[in-house]
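Worksheet for the structure shown next.
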Amino acid sequence: MSRAADTRLLVCIAIGQAIGWGTLFSVFPLFGAPMEAELGWTRTEINAGLTLALLVSGLAAVPVGQHVDRHGGRRILAWGAWLGAALLAAWACTTSLALYWGIWAVMGLAQAAALWGPAMAVVVATARDPNRTIAGITFVTGFTGTVFVPLGAALIAWLGWRDALLALAAMQVIPGLLALWLLPQPPPRPPGAARAPFDLRAAVRRPAFLGLAACFAAHAFIGIGLGAHAIPLLRERGLPEATVLLVVALHGPFQVAARLALFSLGRRVTMRGVGRLATALTPFGMLVLALAPPDLGWLVLYALCWAVADGLMTIVRAAGTAEILGREGYGAITGALSVATVLPRTAAPVLIALIWEGAGGYGPVPWLLTGLAVLGAAAFLAAADARGTPSPSRSPGQGP
């Protein structure tokens, strides 16, 4: 592919992913209160929809990845986006809790088909410089919440929650059009005998795969757990509300700055090196959170370490997997890695809440997160150094 084709790929995937994550994920919490008020459902019943989607999305990741490996990702990205649009419209019309849960169970299929996994498989398969392209995509998608949370709130205030969902459904049509009409065609397969089918069972038994699975699972638990509990955890320390909100709000800008720095470095870094940095910063940040006094300076240091690590790990999960495990069977492998994160993602908010209740506060939580971060860092080092993994010189980010 030419540089222009890489740019076209970056723009199409970045816009499609920003809209997809914005409409199918980021705005979900905004609809709880108005639905509760109109329909009388409990907050737990409403949030169960998203939990169902996360479970289905994780279970569907492997077959979706295998489909992308065999047939490419353009069509599945398009159909996943349009399925998501149809489900948003169906959500706008529902008055039945059972139907609402059914919609969100199917939404998990739409998320698996339209969001990160197949999109990154397309980039790895077609980009001239996947590492830099992925870094550029994550720089754009880092602003998803910044754009769609206030947009969703404004639509609800202006149109009501049902018509707001219809407006979001109309937006969600756009990623499908981008995927089908504007994404570049994947390069043709070289002539010759058909290759043997990819052996996923053998791949998931490799030490490098197991190390990455453990690392990503630990990181998912930390990320989802902090997403659900960071604000009450910081409030418990007696900080002013403005300080709490500032520390949480710094995550986005620090994360985007880290991705921009990585995009600027381009081919001068390897994903192994980036992963080592990110997995070292994570336990350091959690340790700062555990030991820090209620002082803004220390908490900004925690926010910096965690946000940089989190921002870089998004790229490592995509480009680092290709560098360490290779391109063959990339869709199936990344799907299997997604399955490994399903339980940590769904269990983290509940488990941390149980710890808070049992301990009478959040005191043990940062230490738990520190321990998980240390285990995640060790697992990544083992994966990066495992024998039989592709060498950095053969990384997709190094070009042909």
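Of the set (1) over 30 Å from residue 258 (Cα atoms); (2) buried (at least 16 other Cβ atoms within 10 Å of the Cβ); (3) at pLDDT 95 or above, all apply to residue 163 but (2).
The helices (runs of 4 or more DSSP H) found entirely in region 1-107 that carry 3 or more residues being among the polar types (S, T, N, Q) are 43-71. Filtering 227, 275, 266 for residues that are within 22 Å of the chain's Cα centre (by Cα) and surrounded by 16 or more Cβ atoms within 10 Å (Cβ to Cβ) leaves a single hit, 275. Would you call residue 353 in contact (Cβ under 8 Å) with a residue 12 or more places away in the chain and buried (at least 19 other Cβ atoms within 10 Å of the Cβ)? Here the answer is no, as residue 353 does not meet what is asked.
Of the residues making up region 391-398, none is at pLDDT 90 or above, surrounded by 14 or more Cβ atoms within 10 Å (Cβ to Cβ) and under 24 Å from the mean Cα position of the chain (by Cα).
From the list 64, 123, the lone residue that is buried (at least 19 other Cβ atoms within 10 Å of the Cβ), touching a residue at least 24 places away in the same chain (Cβ under 8 Å) and closer than 20 Å to residue 213 by Cα is 64. Answer yes or no as to whether residue 317 is assigned to a helix (DSSP H, G or I) and crowded, with 23+ Cβ neighbours inside 10 Å. For residue 317, the condition - assigned to a helix (DSSP H, G or I) and crowded, with 23+ Cβ neighbours inside 10 Å - is met.
Of all residues in region 234-270, those satisfying the criterion of being in a helix (DSSP H, G or I) and of a type in the set (S, T, N, Q) are 243, 255, 264.
Results for (1) out of contact with any Cys (no Cβ under 8 Å at 6 or more places or on another chain); (2) modelled with pLDDT under 95; (3) surrounded by 17 or more Cβ atoms within 10 Å (Cβ to Cβ), shown as yes or no for each residue.
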| site | (1), (2), (3) |
| --- | --- |
| 152 | yes, yes, yes |
| 196 | yes, yes, no |
| 205 | yes, yes, no |
| 218 | yes, no, yes |
| 221 | yes, no, yes |
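Within region 275-286, not a single residue is farther than 25 Å from residue 380 by Cα, free of Cβ contacts under 8 Å to residues at least 60 places away in the same chain and not assigned by TED's automatic domain parsing to the domain that holds residue 140. Within region 289-311, is even one residue surrounded by fewer than 17 Cβ atoms within 10 Å (Cβ to Cβ), in the same structural domain as residue 380 (by TED's automatic domain parsing) and aromatic (Phe, Trp, Tyr)? Within region 289-311 (the criterion being surrounded by fewer than 17 Cβ atoms within 10 Å (Cβ to Cβ), in the same structural domain as residue 380 (by TED's automatic domain parsing) and aromatic (Phe, Trp, Tyr)), the answer is yes, since at least one residue qualifies.
The values are calculated or read from the model by the stated rules, or taken from the named source; none is laboratory data. Remember, predicted model here, so these are calculated numbers, not experimental data. With ideal geometry, Cβ positions are generated from the backbone for all residues, glycine too; neighbour counts draw on all protein chains shown.
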